[in-house]
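The values are calculated or read from the model by the stated rules, or taken from the named source; none is laboratory data. Worth saying up front: this structure is predicted, and the values here are computed from it rather than measured. Here the Cβ is made from the backbone with ideal geometry for all residues, glycine too, and neighbour counts use every protein chain on show. Ligands, DNA and RNA are stripped out before the accessible areas are found, and what is left, the full protein with its side chains, is counted by its heavy atoms. Shrake-Rupley method; radii C 1.70, N 1.55, O 1.52, S 1.80 Å.
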Amino acid sequence: MTAVAQDQHEPIGRMQVHTVLGGGGLRLHVREWGPADGPPILFIHGWSQNHLCWVRQCDSALADEFRVVAYDLRGHGMSEAPLEPEHYTDGKLWADDVAAIIDELRLDRPVLVGWSYGGYVICDYVRTYGQDRIAAINFVEGAVKLGEAAFGNLIGPGFLDHFVDATADDLPTSIQAMRSFVRACVVKPVSDDDIESAVCWNVVVPAAIRANLAAREIDCDDVLSALEVPLLVTQGRADSVVLPAMAEHVLATCPVAEASWYEGVGHVPHLEEPERFNRELTALTRRVQT
């Protein structure tokens, strides 16, 4: 199904870099930190992001205890980025990407952490491959519905107000939209360096790929209602991108879901309150690995 290019594994200090062949043979950029025998955590970022969004997790005490793995989604960051829509509109391709990383890096029952669009990706994986090979899930502002019915009700103005310009062919228009989108994601103060880096990793994603990701109609209720592994729902009360109503829907649909609400926090709790986020993820990972 998939393969890893072994000669692409490069240790860099505490970090290793991998190239994994995902769904359809697409090359995925994967990085890992921490002890090779530590309980694994696989971080899955969101729309127009890349693995750098998890810097407060990868460069933290999490990597002293756990095998921390983060990758760039297809079309993002340093992963292969074909422009044609068919590389992004088939849920099985997204599922195959996750399965390839679990298989080739030999991740033993990882905790899957999905931010925003990463919620769709996790559900794609569970729908296709089941839940036997994972220990738990953490939705971080996780999205589980996409389409007209979700717009305005579950997905808010922090995304909708920027989407048209963010998918424009005109580069200045796209850049301005992504600068504004980043500011909309954050409610609590973060450093200038973090904001500037976030703008950079957003802008490098081609506008056509941003559009392709939103072209799907997604409903994950079938996955949520049948889920048996623990699901932690991390949600900022002040998020205007994936609205708190999305988290409420997950909690009402999934019998094993539990909530961690962040007051006064926007779309990026892992950046806005990283100490608390890392502490709660540590507790979840320890609990399910015993």
Yes/no for Ala252 being of a type in the set (A, V, I, L, M, F, W, C), touching a Pro at 6+ places or on another chain (Cβ under 9 Å) and surrounded by fewer than 23 Cβ atoms within 10 Å (Cβ to Cβ): no
Strands (runs of 3 or more DSSP E) contained in the range 11-61 and holding at least 3 residues closer than 20 Å to Cys123 by Cα: 40-44
Those helices (runs of 4 or more DSSP H) lying entirely in the range 113-212 with at least 1 residues of a type in the set (Gly, Ala, Ser) and more than 16 Å from Val268 (Cα to Cα): 157-166, 171-185
Matching entry among Val229, Val241, Val265 (being touching a residue at least 60 places away in the same chain (Cβ under 8 Å), touching a Gly at 6+ places or on another chain (Cβ under 9 Å) and within 18 Å of Ile44 (Cα to Cα)): Val241
Which numbered condition Arg216 fails, given (1) touching a Phe, Trp or Tyr at 6+ places or on another chain (Cβ under 8 Å); (2) buried (at least 21 other Cβ atoms within 10 Å of the Cβ); (3) under 29 Å from Gln176 (Cβ atoms): (2)
Residues of the range 87-124 that turn out to be open to solvent by less than 10 Å² (accessible area, probe 1.4 Å), closer than 19 Å to Thr234 by Cα and not aromatic (Phe, Trp, Tyr), as a count: 10
Scope the range 65-83; condition more than 14 Å from the chain's Cα centre (by Cα) and assigned to a loop (DSSP other than H, G, I, E, B); matching residues: Phe66, Met78, Ser79, Glu80, Ala81, Pro82, Leu83
Boolean, Arg31 is open to solvent by 10 Å² or more (accessible area, probe 1.4 Å), within 26 Å of Thr234 (Cα to Cα) and modelled with pLDDT of 95 or more: yes
Only one of Ala198, Ala211, Ala247 that is closer than 29 Å to Asp169 by Cβ and at pLDDT 95 or above: Ala211
Single condition Glu273 does not satisfy, out of (1) of a type outside the set (Lys, Arg); (2) in contact with a Cys (Cβ under 6 Å, 6 or more places away or on another chain); (3) farther than 25 Å from Arg133 by Cα: (2)
When residues of the range 168-199 are limited to those that are without any contact (Cβ under 8 Å) to a residue 24 or more places away in the chain and among the acidic types (Asp, Glu), the one least open to solvent (accessible area, probe 1.4 Å): Asp170
